[in-house]
Amino acid sequence: MTKFSIAIHGGAGTIIKGDMTPELEAEYRNALKESLDAGYYVLANGGSAVNAVKAAVVMMEDNILFNAGRGSVFTHKGLHEMDAAIMNGSTLDAGAVAGVKNIRNPVELAEEVMLHSGHVFLAGEGANDFAIKRGIKMEPDEYFFSDYRYEQLKEIRDSDLYQLDHSIDKQESSIKDKKFGTVGAVACDGDGNVAAATSTGGMTNKRYGRIGDSPMIGVGTYANNKTCAISCTGHGEIFIKAVAAYDASCLMEYKNKSLQEACEEVVLKKLVALHGDGGLIGVDAKGNTAMVFNSAGMYRGFKNSDGDNLIAIYGS
């Protein structure tokens, strides 16, 4: 049996200990642990990597701390438009959704797309129609409301600014002092199969149906047993330009780099050259994990069958 392992992230950016109260830090660490334990439980009981990453992401989608599912930020119109993707590294099957509304767990809808739609990517109203057909759990608008997220919207609603989870930025300005609230998980199961899943609520005050990297296969999410599984978090437009997740896989497949080397090449060199802030998590078919970021911090954790585990927030 292959060493099985799982890694998760809950967003990256300017996450500094001095800005965090002890109580809030404890909440985040507990939330990360719950997600990690949920995914690891699946693996420890012989479950698949796909089911493990789904379980881990669902836990974070249900937690209002993270910008995904219940904690999703508001769009300019005061709505919640969510994106998610999931990919099976053993078959290269994938499913993704973008701009969906009132879906409790977008990652579960992404899996339904992968398994039952005959397609890979559904968006907007059509994706919601498919969700109803498949019996995906829906929630009213009130479920996704939080005073904290609404205050973020009110601060910039009448401007041309958008907000990357916590901090304001103009589209053309430099990317700094940001937090990216995307959540994700990667796993390798006991059979050596890998999988990845990513979910996000996008940007506060986003307009025009903007979609970031998270649901794009090969960009924010990718899995291939030959190489690795990757889930990204960061400024989506830059990750799209870099084709970040697939690039890590390519470096392993064509340049024979290790998982860690490939992830560092993408995050610490390619993304930096493009002024891209954020990070990614990865796992290979031998159960090795990587968690690499070029920002001040990244909510993250990993656990494997060798007994190794870590939950962390800040940079070293």
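Extension gain for His116-Gln260 works out to 48.4 nm (0.36 nm per residue, less the C-alpha to C-alpha distance). GNM remark for the chain: springs join alpha carbons under 10 Å apart, and the peak mean-square fluctuation among Ile217, Ile15, Ile136 falls on Ile136. Report note on the peptides 242-254, 296-308, 17-29: ranked by the mean count of other C-beta atoms within 10 Å, highest first, their order is 242-254, 296-308, 17-29. For the chain, the antiparallel share of DSSP beta bridges with both residues in that region comes to about 90%.
Calculated [222 nm] ellipticity per residue, helices only, for the chain: -9000 deg cm²/dmol; basis is -39500 (n - 2.57) per DSSP H run with n ≥ 4, divided by all residues, nearest 500.
The slack in the chain from Lys3 to Asp19, taken as 0.36 nm per residue of separation less the alpha-carbon distance, amounts to 2.0 nm.
How would the chain be classified by its alpha-carbon gyration tensor: rounded, prolate or oblate, with rounded meaning a/c under 1.5 and the a/b versus b/c comparison settling the rest? Rounded shape, in that the Cα axes give a/c under 1.5. Could you work out how far the C-alpha centroid of the range 72-90 sits from that of the range 1-45, in angstrom? Their Cα centres are 20 Å away from one another. If only the Cβ of Lys and Arg carry +1 and only the Cβ of Asp and Glu carry -1, the dipole of the range 5-314 around its Cα centre is close to 380 debye. Think of the chain as a dipole: +1 on every Lys or Arg Cβ, -1 on every Asp or Glu Cβ, centred on the Cα centre; then among Ser199, Pro215, Val107, Pro215 lies furthest on the positive end.
Across the options Ala242, Ala123, Ala55, the greatest Cα extent toward the positive end of the charge dipole of the chain (unit charges at beta carbon of Lys, Arg, Asp, Glu) belongs to Ala242. Multiplying the residue separation of Ala44 and Asp93 by 0.36 nm and subtracting their alpha-carbon distance yields 15.3 nm. By the count of neighbouring beta-carbon atoms within 10 Å, fewest first, Glu261, Glu81, Glu142, Glu61 end up ordered Glu142, Glu261, Glu81, Glu61. Under 13 Å from a label point set 7 Å out along the Cα-to-Cβ vector of Arg29, the amide N atoms of the range 275-316 belong to 300, 310-314.
Pairs of Cα atoms nearer than 8 Å and 6+ residues apart set the relative contact order; for the range 5-314 it is 25 percent. When the Gaussian network model of the chain links Cα atoms closer than 10 Å, the mean-square fluctuations of Ala31, Ala110, Ala68 top out at Ala31.
We did not get these values from a lab; they are worked out from the coordinates using the rules stated. Keep in mind that this is a model prediction, so the values were computed, not measured. Every residue, glycine among them, receives a Cβ derived from its backbone with ideal geometry; neighbour counts consider all protein chains shown.
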